[in-house]
Amino acid sequence: MAPAKKVKAAAGRKVKDKWKAKEWYKIHAPRMFNESEIGETPSADPEFVIGRTVEVTVQDLTGDFSKMHIKLRFKVTSVDGHDAKTAFVGHDLTSDYVRRLTRRRKTKTDHVVDIVTKDGFTYRIKTMSIADRRIQSSQEDAMRRVIGETLVAIGQERTLSEIVKDIVSGDLAKELARACRIIIPIKRIEIRKSEVLAAGEGEPESIMPATDVQPAEGEESEEPSEEPAEETVSEDEEPVEEPSEE
């Protein structure tokens, strides 16, 4: 009978629900992205929230469907009440997007460059160059040298927020492709990944336009210009590539 009593006593004990002790904290993007809310996380102690990372796409932040393949990574640095503040730590491209770019009979050249931005951030940039034909190893080495020199010069002239803005918009990739034309016409260059290795001076400025600014009295608000969105490629379709400029 003793074992049965022990079983009943154990069944009668109340199991403490750990979830009841946890609270939800709203995670906000850094000022670089207008401190938009990007998610929530539960925790029993705000100290446990610090250090957590969250990943969102550019589409989640801006609503631009053509940027759904760009993933941004943020790390929680502090907690104020139930609001968790983050810092930008890097970006990445989705794996399916990278697979669609790499085809047979093409040369993919990867390169890693560490730069120091104008505002003191140490920033690692990983590029991926796609040539529409097989190229020689000497040409690949020359491309890597040109890409490295161009990125180092860009880092000296621009802040972290300006570089991230150029990565998201695609302007940095186009600038690198133009620089590589002295070696060989490149079909396209992608910034496949980046990472902040060391913080710089202060917090990067916002790269997104403010949406809650009201016009002053007597001034008319300007209508936003409507620009056509970039075309995206579905999973079942082949990417349409522009002819290279000789």
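Across the cross-link table entries K22/K67; K118/K174; K126/K187; K108/K165; K67/K108, which are compared at the Cα atoms, the separations over 29 Å belong to K22/K67. Within the same chain, lysines fewer than 8 places from K18 are excluded, and of the rest, those with a Cα less than 22 Å from its Cα are K26. Going by a ≥ b ≥ c, the root eigenvalues of the Cα gyration tensor, does region 22-92 fall in the rounded group (a/c under 1.5), the prolate group (a/b larger than b/c) or the oblate group? It comes out prolate by the Cα gyration axes.
Taking θ as phi - 60° and the Karplus parameters 6.51, -1.76 and 1.60, the scalar couplings of region 52-69 work out to 6, 10, 9, 10, 9, 8, 4, 4, 5, 8, 10, x, 7, 5, 6, 10, 5, 8 Hz in sequence order, x denoting glycine and proline.
Rule-based calculations on the coordinates, nothing more; no lab input. In this text, all values refer to a predicted model and were calculated from it rather than measured experimentally.
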